[in-house]
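Report on the following structure.
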Amino acid sequence: MRFLRFSLIALFIGTLQFSHAQTTEKWTLEKCISYALQNNLQVRQAAVTAKLSGADHLQSKLNFLPTIDANGSYSDNFGNGFNPQTFSFAQGNSQSVQLQLTGSMPIFTGLQQIYNVQKARYDFMASKFDYETAQTNMALNVASAYLQILLNQEIVKVAEKQRELTIAQHDIVQNKIKAGSLPEAAIYDVESQMGRDDVAVVNSKNSVDLAILGLAQLLQLTVQEERTFVIDAPEVKADNMGDIAALASKDIFTYAIQNQPVIKSAEARLQSANATQKISYGGFSPTLSAFGSLSSGYFSQDRQVLRYDTFALGGFSTTFPAEYGKIPLNQELSNNFRQVVGLQLDIPLFSRGTKVINMQKAKLQVQIRQLQLESSKNQLRADIEQAYANAKAAAGSYLANKKSLEASQKAYESTETRYKAGIASNFDLEQSKDNLISAESEIVKAKYTYVFRMKILDFYQGKAITLN
C-alpha cells in the first residue's frame with residue numbers, strides 16, 4: 001500500500017514537471033534583448049546616470065528663483081546678559097527669542113546662469129545618448145551570444161551526423177568481416193573512431209551549455225529563471241546574399257554619423273564645453289542681486305512704564321516713571337519688527353588668477369572635446385569599413401563553403417558506393433567522411449558568421465536586431 005502511494009505521488013510530481021516543461025515559454029532573440037535592456041546592471045546604471053543629469057538640468061533652471069530661509073532661536077541666559085534688541089546690558093537671568101525671514105535673488109550674474117542652463121542641458125543630452133549607446137551595445141552583445149548558441153547547436157548536429165556515419169561504417173565493416181573480405185582487426189579502427197565521435201558529441205553539447213550559461217549571465221537572470229531558460233531555435237538562413245551587394249560602406253557611414261548615439265553624445269559634450277567656456281567669461285563680470293529680510297525678537301528683561309508720578313518743588317514740576325512692568329510677547333514682537341530691502345553689487349577685482357586659469361582650462365577642455373568628437377567619427381568610420389569588409393568576406397566564405405559541401409557530399413557518396421563494392425579502402429572512406437563533416441562544420445560557421453556580420457551593419461543603419 002505504501003509503495004502504491006509513493007508511486008502515485010512520484011507520478012503526480014513527474015506529471016507536473018512534464019506539464020511545466022511543456023508550458024515553459026522559449027526565449028526569442030527579441031525577448032532576450034528586451035529583458036537585457038530592462039535588467040542588465042550596466043544599462044540600468046546608464047539610465048540612472050541620465051536621470052541624475054536630468055536633475056542637474058532642472059536645478060540649473062530653478063537657480064533663477066529666489067532663495068528664502070527662515071530661522072529662529074531661543075536662549076535661556078543665567079546671570080547678567082545682553083539685550084539683542086536694544087544692544088544694552090541687562091542684569092539678572094533672562095530669556096530671548098529671535099525670529100528672522102531672509103531672501104535673496106540674483107538679478108545679473110554675467111550670463112553665467114543662462115550658460116549654466118545650456119551646459120546642464122547638453123550634459124543631460126550626452127547622458128541620454130550614453131544610455132542609448134549602452135542599450136544598442138547590449139542588444140548587439142545579446143545577439144552575438146544568442147547566435148553563438150544556435151551555432152553550437154548546429155555543431156552538435158554535425159557531430160551527431162558524423163557519429164551516425166561512423167555507425168553505418170561499423171555495420172558495413174562487420175558485414176565484411178562476416179563475409180571474410182576483411183580481417184577481424186579492421187573493426188578496431190572503426191570502433192576507435194566511434195569513441196572519438198562520442199567525445200566530439202559530448203564536447204559540442206558542453207559548448208552549447210556554456211554558451212547558454214554565457215547568455216544567461218549576460219541577461220543576469222535569477223537562479224529560478226536560469227532553471228527554465230530555454231531559447232527559441234529558429235531556422236537561420238543566409239539566402240540574402242544580394243543584401244551586401246546593395247550596400248556601400250560610405251552610405252552606411254553617412255547615416256551612422258548623423259544618427260549613432262555615440263556621435264551625438266560626443267557632439268553634446270562639445271556643446272557643454274563651449275557653454276563652460278562662456279561661464280568662465282562671466283566670472284569677470286560684476287554681479288547684482290536683491291535681498292530682503294523680516295525679523296523680530298523678544299527679550300524677557302525689557303520693561304515698559306506702567307505709571308508716572310509728578311514731583312513739584314518751588315513752582316517747578318517734573319514727571320518721572322514710578323512703576324515698570326513686563327512687555328507682553330505679542331507687543332514686543334510688534335515693537336521689534338524690522339524690514340530690510342536692498343541691492344548688493346559684487347565687482348571682482350583680484351582672485352589670485354583663479355578666473356584667468358578657469359578660462360584657460362575651459363578653452364583647453366573645448367579642444368579636448370573637439371578632438372574626442374573627431375576621434376569618435378574616425379573610429380566609427382573604421383568600425384563600419386571593417387564590418388563591411390567582414391560581411392563581404394563572410395558572404396564569399398559562405399558561398400565557397402557551400403560549393404565545397406556539395407562537392408564533399410558527392411565525393412562521400414561515391415566513395416561509400418565504391419567502399420561497399422570493395423573497391424575503396426577503409427582509409428578512403430574515413431578520409432572522405434572527415435572531409436564531408438569538415439565541410440558541413442565550416443559552412444555552418446560561415447553561415448552564422450555572415451548573419452552576425454550583417455546584424456552589425458544593421459546596427460550601424462539603425463535597424464532593429466532581429467532574426468526575421
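Only the coordinates and a few stated rules stand behind these numbers; no lab work does. Keep in mind the model is a prediction, meaning the values are calculated, not measured. As a convention, Cβ positions derive from the backbone with ideal geometry for all residues, glycine included, and neighbour counts pool all protein chains shown.
Can you give the FRET efficiency for Glu413 and Ala382, using 1/(1 + (r/R0)^6), R0 = 35 Å, r = Cβ-Cβ distance, to the nearest 0.05?
Numbers: r = 46 Å, r/R0 = 1.32.
Rounded to the nearest 0.05, the efficiency is 0.15.
Taken as Cα centroids, the stretch 414-444 and the stretch 213-288 sit 48 Å apart, rounded to the nearest whole angstrom.
Between Arg196 and Lys326, what is the label-to-label distance in nm when each label sits 7 Å out along the Cα-to-Cβ direction? Taking the simple label geometry, Arg196 and Lys326 are separated by 10.8 nm. Restricting the calculation to alpha carbons of the stretch 360-447 gives Rg and Dmax of 25.9, 89 angstrom. In the chain, helical runs assigned H by DSSP with n ≥ 4 each contribute -39500 (n - 2.57); averaged across all residues and rounded to the nearest 500, the mean residue ellipticity at 222 nm is -23500 deg cm²/dmol. Listed by chain and number, the aspartates and glutamates whose alpha-carbon sits under 16 Å from that of Lys128, ignoring those within fewer than 8 places in the same chain, are Asp56, Glu267. When the trypsin sites (Lys or Arg not before Pro) in the stretch 324-372 are filtered for DSSP coil states and for at most 14 other beta-carbon atoms within 10 Å of their beta-carbon, the remaining sites are Arg352. Label-to-label distance, Gln174 versus Ala464, with points set 7 angstrom from Cα along the beta-carbon direction: 5.3 nm. Between Glu225 and Lys157, the simple spin-label model (points 7 angstrom out along Cα→Cβ) gives 2.9 nm.
Within straight-line reach of Lys176, meaning a Cα separation under 20 Å, sit the following aspartates and glutamates at least 8 residues removed in sequence or on another chain: Glu164, Glu184, Asp189, Glu191, Glu413, Glu416, Asp428, Glu430.
Stretched out fully, how many nm does the piece from Glu25 to Ser334 gain, at 0.36 nm a residue minus the Cα gap?
103.7 nm
The candidate values were [x] 26.8; [y] 29.1; [z] 31.8; the one computed from these coordinates for Kirkwood radius over Cα pairs in Å carries the label [z]. Within the shell of other residues whose beta carbon sits under 9 angstrom from the beta carbon of Ser60, the net charge comes to +2, with Lys and Arg scored +1 and Asp and Glu -1. Full extension of the chain between Ser289 and Ser75 gives 73.8 nm of extra length, using 0.36 nm per residue less the Cα-Cα distance.
Over the chain, Cα pairs under 8 Å with separation of 6+ residues give a relative contact order of 21 percent.
Taking the Cβ-Cβ separation of Thr67 and Arg352 as r and a Förster radius of 41 Å, what is the calculated FRET efficiency to the nearest 0.05? E between Thr67 and Arg352, to the nearest 0.05, is 0.90.
Enumerate the lysines that Lys161 could reach by cross-link, defined here as Cα to Cα under 22 Å, with residues fewer than 8 away along the same chain left out. In chain and number order, the partners are Lys205, Lys237, Lys402, Lys403, Lys410, Lys420, Lys433, Lys445, Lys447.
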